[in-house]
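Single-structure report; data block below.
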Amino acid sequence: MSLSDILDHPAETLKHASDALAAALADPERIPDAALRALIANAVRLYAIKAEAGMRAPLPADGGGVTVTDAMLTVTDLLHALNVQLFELSMWQAMTGNCIAPHQRVDAPQS
């Protein structure tokens, strides 16, 4: 895949990257740590941009296979990397109202 293909077909590129990451779950050493960190950082930044533009639904309804432990490890490392305490996150959510609305929660009753 050329750089032109990557830039011209971002959805296909992301699908390939997702497939490669899924395949690497069986052998995590195949993915260099630095490359994974860069991918996560850019994915988080893109998610934030899309969320600010109106994409306000949680990740896939089934969690996309992410476990609670997976989420906790990742969130803890992100907050630590940015020197943000959990209390500060909670305060930011309360002050901005920037959190998932009750009707968007995956555990909300379906009508």
Which percent of Cα-Cα pairs in the stretch 1-87 sits in each 5 Å bin, short to long?
-> 3, 10, 15, 26, 24, 13, 7, 2, 0
Scalar couplings 3J(HN,Hα) for the stretch 77-94 by Karplus 6.51 cos²θ - 1.76 cosθ + 1.60 (θ = phi - 60°), nearest whole Hz, x for Gly and Pro, are 5, 5, 4, 5, 4, 9, 6, 10, 8, 4, 4, 5, 4, 4, 5, 4, 4, 5
Cα gyration tensor shape for the stretch 4-52, rounded if a/c is under 1.5, else prolate or oblate = oblate
Order these peptides, 27-34, 7-14, by their mean beta-carbon neighbour count within 10 angstrom, highest first.
-> 7-14, 27-34
Could you give the nm distance between label points at T76 and E52, where each point is 7 Å from its Cα heading toward the beta carbon?
-> 2.9
Once the piece of chain linking A26 and L59 is laid out straight, how much longer is it, given 0.36 nm per residue of separation minus the C-alpha distance between them?
-> 9.6 nm
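Coordinate-derived values only; no laboratory data. Predicted model only: the values in this text are computed from it and were never measured. Counting neighbours? That spans all protein chains shown, and the Cβs are built from the backbone with ideal geometry, glycine included.
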